[in-house]
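**Q** Take a look at this one; I'll ask things after.
The values are calculated or read from the model by the stated rules, or taken from the named source; none is laboratory data. Quantities reported herein were computed from a predicted structural model and do not represent experimental measurements. Cβ placement follows ideal geometry from the backbone for every residue including glycine, while neighbour counts extend to all protein chains displayed.
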Amino acid sequence: MSKLIRNLKVSYLQIFLISFLISFLFPGCRPENSSSTVSIVWQSNKAIGLLIPTALANGKETEHLHVQLIKSGDRTDVLGKFTVESSYTTFESAIPLTAGLHYEVLLDTIVLAEIEVPLDKTALSPEILNVYPTQDTVPENLLKIFIHFSQPMVEGHSLRYLTVLKNNRDTLKGTFLDLQPELWNQESTLLTLWVDPGRIKRDLIPNKQLGAPLNANEQYTLYISSDWTGKNGKSLTRSFSKSFITTSRDDTSPQPDQWIVTPPLLGTRQSLEVNLKESLDYSLLNDAIRVVNDQGNSVAGTIDLRQEETKFIFVPNASWKAGHYRLLIEGRLEDLAGNNLNRSFDKDLTSKEKQKEPREIFEVSFNIP
């Protein structure tokens, strides 16, 4: 009996030492357990990595260790960093592991463990906040569509959840460019879809062989499946659809010199309003325009887009002062067809017309007396 008690004391001491090392090396983190099996490391309710007992690795170097995501029968390597300590190896994932999905830890080709990241029962299901452009009439050479989600979404297989229907009859294939990696913002809440540019540009082989993805005077519907899951493991609350009608091609660049600026009142935080005369690229409108004062310093504030992205609204953080102001607009700003301020997207490369020197910045001025 006394020998059994001594053995129990040693076991509890070992567990205490391992727990102490984890809390010291990873402040704010907690492993799911401290047993001899692979466990999850948590931080702020996110699965940020895995804890792998060193004994499982048989003393081999970390280049023999791999973590893979298992999904729909496919296995994809998970990017991250391994750190070896005396009694365990930590895998720190480049992005948090996704709730509800399965992962494998491998030593070369030998599976050491399979881990399922549990769902957070308190997490909210993601919703689609909007699809841009918001207007229901677009040019047939529409270049990009943006989907805005309320929660970070699972990346890498977006096209599985998207269907494009023409005139409520025909399902279209190959409408969007299958980019890997996909074009997400840093928060994984805004996805940029490119309508296949090789089929939009009329001098390229994909256009000649397959035709344009969209045609004028037709009705299209983008369907988004509710099977799409967020990184918290929850599926979309409901399916979503966005319908639009196509008009003729747009090959004309936006003209900032034709924009109408409505200056705000002195001493107020009234919005600066700019009528853009047409719908422009949602993402670039939020990134390619800034307001500067007469000293050239940026005015701090927030941007809002209204009336189907035809109106640019800027709300300052502080009251407006008297002076001369400028909108500095980057030449990369585009309309819905990808025509930027310097050139059209579907530029005729055989044209002998003299091209204008591209400008990095365009300016629109206004005064507050």
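**Q** Would you tally the residues in segment 96-116 being hydroxyl-bearing (Ser, Thr, Tyr) and without any contact (Cβ under 8 Å) to a residue 40 or more places away in the chain?
**A** 1
**Q** Could you tell me whether Leu97 is over 21 Å from Pro118 (Cβ atoms) and of a type in the set (A, V, I, L, M)?
**A** It is false that Leu97 is over 21 Å from Pro118 (Cβ atoms) and of a type in the set (A, V, I, L, M).
**Q** Also: Condition check: under 30 Å from Glu363 (Cα atoms), at pLDDT below 95 and assigned by TED's automatic domain parsing to the domain that holds His157. Does Lys231 satisfy that?
**A** No; evaluated as a whole, the condition is false for this residue.
**Q** Within segment 77-95, track down each residue that is of a type outside the set (A, V, I, L, M) and closer than 16 Å to Ser188 by Cβ.
**A** Ser93
**Q** Of the residues that sit in segment 203-224 and are among the small types (Gly, Ala, Ser) and surrounded by fewer than 14 Cβ atoms within 10 Å (Cβ to Cβ), which one is modelled with the highest pLDDT?
**A** Ala216
**Q** Still on this structure: Which of the residues belonging to segment 134-159 are buried (at least 16 other Cβ atoms within 10 Å of the Cβ), modelled with pLDDT of 95 or more and either among the β-branched types (Val, Ile, Thr) or under 19 Å from Ala212 (Cα atoms) (or both)?
**A** Thr134, Val138, Pro139, Glu140, Asn141, Leu142, Leu143, Lys144, Ile145, Ile147
**Q** Scan segment 168-187 for residues that are of a type in the set (D, E, K, R), in contact with a strand residue (DSSP E or B) (Cβ under 8 Å, 6 or more places away or on another chain) and either without any contact (Cβ under 8 Å) to a residue 24 or more places away in the chain or not assigned by TED's automatic domain parsing to the domain that holds Ser150 (or both) and report the count.
**A** 0
**Q** So Ile200 fits all but one of (1) buried (at least 20 other Cβ atoms within 10 Å of the Cβ); (2) within 21 Å of Ser226 (Cβ to Cβ); what number is the exception?
**A** (2)
**Q** Select from segment 299-340 the residues that are touching a strand residue (DSSP E or B) at 6+ places or on another chain (Cβ under 7 Å) and of a type in the set (Asp, Glu) and write down the one among them that is farthest from Pro254 (Cα to Cα).
**A** The residue in question is Asp304.
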